[in-house]
1. Using helices alone, I'd like the mean residue ellipticity at 222 nm for the chain: each DSSP H run of four-plus residues gives -39500 (n - 2.57), total over residue count, nearest 500.
2. Residues with beta-carbon under 15 Å from that of residue 5, excluding residue 5: net charge, scoring Lys, Arg +1 and Asp, Glu -1?
3. Could you sort the peptides 4-13, 75-84, 39-48 by per-residue average Cβ neighbour count (10 Å cutoff), highest mean leading?
4. So how much slack lies between residue 73 and residue 6, counting 0.36 nm per residue of separation and subtracting their Cα-Cα distance, in nm?
5. Per residue of the range 4-19, in order, report the coupling 6.51 cos²θ - 1.76 cosθ + 1.60 (Karplus, θ = phi - 60°) as ³J(HN,Hα) in whole Hz, putting x for Gly and Pro.
6. Taking Cα atoms of the chain, Rg/Rh with Kirkwood Rh, to two decimals?
7. Please state the relative contact order of the range 14-81 as a whole percent: Cα pairs under 8 Å, 6+ residues apart?
Amino acid sequence: MSASFHLLDLTSQAIAVQRLLRGRSAQEKLDWLGARGHLNQMVTSLANARPVYRFVSIIGMDCVFFIDGDELVFIGDNTTYTVNE
């Protein structure tokens, strides 16, 4: 995977990130993201919930998401959404 990709804002760069990570395992995706910012798994109280992560980029832009197959599903105020081409 590209070592030269500069990840500044995951939500606005989601299409390019998903393109780069397509077909990779969830752990490979998390490792790639973790190498480009701060990635933490969040504690949730929902039974059987998917793991939820908070990503903070090197310039401080943050987002919360979970992985559903090859897509990052972002969590916002009262909504979840994906970014598609």
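Rule-based calculations on the coordinates, nothing more; no lab input. Quantities reported herein were computed from a predicted structural model and do not represent experimental measurements. In this analysis, Cβ positions are derived from the backbone assuming ideal geometry, glycine residues included, and neighbour counts consider all displayed protein chains.
1. About -5500 deg cm²/dmol.
2. Computed value for this residue: +2.
3. The most tightly packed comes first, giving 4-13, 75-84, 39-48.
4. Full-extension gain reported as 22.1 nm.
5. 8, 6, 9, 8, 9, 8, 4, 5, 7, 9, 4, 4, 5, 5, 4, 4
6. 0.93
7. 24 percent
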